[in-house]
Every structure is written in structure tokens, then in C-alpha cells.
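**Q** Supplied in C-alpha cells, the structure appears directly below.
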Amino acid sequence: MISSLVIQNYQSHLDTTLEFDPGVNIIIGSSRSGKTAVLRALNWNRYNKPAGLAINSYWNRDKKKLPNAPIKSIVKLGKTNIVRERDKTFNGYEIDGERYEAIGADVPDYIEKIWNMGEVNIQKQFDQPFLLSESAAEVARFFNKTIHLDKIDTVLSQAETKRQRTNKDIKEKTATLEELHTKIAKYDWIEPANSLTILFERFNKRFEEKNKIFVELKDLVEYVNTEQKRIDTIPRNLDQALSIMIDIEKLDSNIELKIEKETELIALLKQIRDLEHAIAVVPDMGTIDTLMDNIFNIKQALDAKNDEYNALNRIVADILAHNTTIESLEQVIENYIIQMPDICPACGNQIKKEI
């Protein structure tokens, strides 16, 4: 609710303050006393209209230049003072020390929120009774605006515009896509070319392998040619060559036979030498018989001595066994004597212990 209005340097008002009561307020005065200027000052604060310098008071003008003193319309709306001001350096609004520039006929969004008042809230001078004198179309327009049907129309209009723009974009994109397909079709050779490249790499690898084999064959051919030259030095008469080979085989056979005969001869000579040595050291048969008898007698004597030796070993073993038994018995007796009492329990005499 508007509670007061201050007007400074505005048309016929130098510095006017109006206090409003709750409810209906009536402004009365003579003609050209500034009643309409009050409504204009309110409209200027609310709607930023009218523009220009026609609102400037006549005493504040200086040959159509910017005013020397600021033009102000101060509206107290609730607890907030909304100041609309224009001077040489500033044209806009001020609320709680914050300034908002007024550009053209637009009202800053923050000021719109503070006012929160539409055209329907203001009855202008000479206006006809509210909606009663308006045509059906104007009444419909007003209610459409009130319930925001105008915004629905705007949204539908924007949607239609967007639909048309979208269809246009679809056509353009479709044309572009077809053009791209046409361009891509020019590159259909790439995939076969790629396959050919892979095939070429395989053939190239096989060629390198074959080339390696070719180099090896070439070296082998050179080797064969070299050997062929050597073979060419061999006599070309096959009969002569065969005769030479037979002679060589015969010669080899004779050499091997000679070596074999020499080996056999050497072995026979060694056997002869061994027999001669054995014959030289062997005595006559009589001596051999005597020696054999002596050897037989000596063998019998050795057998007898061996029997005696075995008998002695058995005797020694028995003696050793008996000695062990005797020593064990002596130990038992000694232990028994030690355990005997000093006084005989039967006769009462002293027992003499001797071991």
C-alpha cells in the first residue's frame, strides 16, 4: 500500500509531500494546480514513463539541457522508499542506498518485484469505468492477460516458431547428411584398399621368404658351378677313369693284405719267442716228477699243520670261555661274602671273611 509520495522539481511541484490514508483518498484542487502531475509522478516511479525532460519544472530548466537539480519521485510502499531520480549524472532508481540504472522505458526487475502492481491497479484521469465501457474483445484481452493466456499464446507461438525452426534444421541436417553420404561414397575404395594392403603385406612377406630361398639357391648354384669346374679337371674318358679306379682299388687291397700279413707274421714271431723262452726254462721229466712229489708231500704236511692250528684255536676259545665263567663265579662269591653278617647267627662267633 502506498503511504506517501514526495515530488521534487516535477512539472508544477517544487517540493510536495503527500500522506495517504488507508482506503480511498481524493485529491482536489483548482485547474492547473498539479493534480494530474501527482498521477504522472506515480506513473513515472512505477512504469518509468514518460521519458524525456518534459517532466522537469520550468524553474529547473536551462535551455533544454539536463536539469540543474535532481528530479525526484519518492514513493513509500509499505516500509520501503522507492526513489526515482534523474539529474546530470544519474537516471534510475535507488532503494536502501543501492542504485539501479533505468535504461530506456524499462523498469529494473528488482523494482518490478518491489512494486508488484500492474496496470489494472491504476485508474487514470478521464478513464472510463473499469471494463464497463470496454468492448468484449478488450475485456477478453484483459482477462486473458490476467490469467496469463497471453503467455500461453506466446508459448504456443514460440513453440510453433521453434517447430518450424526445428523442421528447417532437420531439412538442413538431412541435406548435410546426404551430402556427407555422397562424400563418403567417394571413399568406398578405402576398405578394399585396406584389404589389398593386408594382402600385399602377406605377398611381400612371402616374397622375402622366397627371396631368401633364392639367395640360398644362388649360393648353392655358385658352389655347384665351382665343383663342376673341379669335376671338369677329371679325365673325360670314362673307361680310362674306371681303369684308374680299379688300379687304385687293387693297390689299396694289396696294401691292406700286406699290412694284414705283416701283423700275422709279427704275432707268430712273438709266439715263437714265448715258446723258446718256455722251453729254455722247463727241466727234464725226471726232475719234474721229483718236484711234483715234493710238492705233494709239502701239501700234506701243510694240511696236517692246518688241522693242528684249527684244533689249537678251538682249545684257546674253550679256555677263554672257561676263564670268563670262573671270573663270573668269583665275583658272585665275593659279593656273597661281603653281604654276610659279621656275627654268626647260629653260634654267635665272629665270622672271618677271606676272599
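The values are calculated or read from the model by the stated rules, or taken from the named source; none is laboratory data. A quick note: this is a predicted structure, and the numbers were derived from the prediction, not measured. Note that we place each Cβ from the backbone using ideal geometry, even for glycine, and neighbour counts take in every protein chain shown.
**Q** Being polar (S, T, N, Q), surrounded by 10 or more Cβ atoms within 10 Å (Cβ to Cβ), outside the structural domain of N116 (by TED's automatic domain parsing) and at pLDDT 85 or above narrows it down to one residue among T182, T176, T146; which is it?
**A** On the way: T182 fails: surrounded by 10 or more Cβ atoms within 10 Å (Cβ to Cβ); T146 fails: at pLDDT 85 or above.
From the options T182, T176, T146, the qualifying one is T176.
**Q** How many residues does segment 1-59 hold that are under 24 Å from Y110 (Cα atoms) and without any contact (Cβ under 8 Å) to a residue 24 or more places away in the chain?
**A** 2
**Q** Separate question: Consider only pairs whose beta carbons are under 6 Å apart and that are at least six residues apart or on different chains; among these, list those whose first residue lies in segment 107-132 and is polar (S, T, N, Q) and whose second residue is at pLDDT 80 or above.
**A** Q125/T36
**Q** In segment 29-44, is there at least one residue being modelled with pLDDT of 85 or more, aromatic (F, W, Y) and either in contact with a Pro (Cβ under 8 Å, 6 or more places away or on another chain) or not assigned by TED's automatic domain parsing to the domain that holds K76 (or both)?
**A** yes
**Q** Across segment 15-26, what is the number of residues that are aliphatic (A, V, I, L, M) and modelled with pLDDT under 90? Outline the logic, then answer.
**A** Going residue by residue through segment 15-26, those that are aliphatic (A, V, I, L, M) are 18, 24, 26.
So of that shortlist, the ones also modelled with pLDDT under 90 come out as 24, 26.
Going through segment 15-26 one residue at a time, the tally reaches 2.
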